[in-house]
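The values are calculated or read from the model by the stated rules, or taken from the named source; none is laboratory data. Being a predicted model, the structure only gives us computed values, none of them experimental. Neighbour counts run over all protein chains shown; Cβ positions are idealised from the backbone, glycine included. To get the accessible areas, we keep the full protein, side chains included, count just its heavy atoms, and leave off ligands, DNA and RNA. Shrake-Rupley method; radii C 1.70, N 1.55, O 1.52, S 1.80 Å.
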Amino acid sequence: MFGDAGLKWSVENQKEVRKRFLGGRVRDVVKTPPYVTAEPVITTTDVKPGDFLILGCDGIWESLSSEEAVSLVGLWLESSTSKAKRLSSVPPLAVKGPKSSRFGGWFGKSTSQSAGDASHSKEKTVRYEQWRIPKTFVTVDENVATHLIRNSLGGEDTETMRALLTRTGSLARRLRDDMTVTVVFFDDST
């Protein structure tokens, strides 16, 4: 496990590294680490055709709640299914406002509300608040992972997405975290 040593090492180890190697200072908010360990928690879940698994790093979850990510995969599935049925070159649908489907209603009544209505979510996503933009999701990508990353970086707001992706170095890290996502589908149709 790399990075975030302040969450993984004891305060004593962090102070020793700082003293001997000019390491970073011990964060004031870190009182009783380690909070994160490499010890796995193993659970089992029965899956059936149509289920999917979203594996994403923390950069995704700083922008999307679990409910939003699941809803966005559902929207992507609907969009790709309808595209395959149409077999035409009609541009993909940009999703705004209420949406009802076989996956349930995912969007609130305004574009500032999000998939899965995050106001009911226990999860706190910080990036959209930091960027001071509403969550407006869009379905335009042929790849589901790209779809989730686009919607993690501003969705319909392409100016914000471009600005976030063109920043480099330490500024980029302050505006967005690393983003990696894989979606595993448990059937052969997708």
Practice problem: Output ³J(HN,Hα) for the range 30-39: one whole-Hz value per residue in order, computed from phi by the Karplus curve 6.51 cos²θ - 1.76 cosθ + 1.60 with θ = phi - 60°, and x for Gly and Pro. | Solution: 8, 9, 9, x, x, 9, 10, 10, 8, 7
Self-check item: Charge context of Arg18, other residues only, Cβ under 12 angstrom, K/R +1, D/E -1
Solution: +3
Self-check item: Accessible area (Å², per residue) of the range 1-65, counting only protein heavy atoms and a probe of 1.4 Å
Solution: 80 Å²
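Please state, rounded to one decimal and in Å, the Kirkwood hydrodynamic radius that the range 1-79 gives when every pair of distinct Cα atoms enters the mean of 1/r. Kindly include the intermediate steps, with their values, before the conclusion.
Working: mean 1/r = 0.0619 Å⁻¹.
Over the range 1-79, the inverse of the mean reciprocal pair distance is 16.2 Å.
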Quiz prompt | Accessible area of the range 139-187 belonging to carbon and sulfur atoms, whole % at 1.4 Å probe | solution = 49 percent
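Which percent of the accessible area of the range 1-68 is formed by carbon and sulfur heavy atoms (probe 1.4 angstrom)?
Accessible surface attributable to carbon and sulfur in the range 1-68 totals 56 percent.
Mind scanning Lys8/Lys124; Lys19/Lys135; Lys31/Lys124 and naming the pairs with a C-alpha gap bigger than 32 Å?
Beyond 32 Å: Lys19/Lys135.
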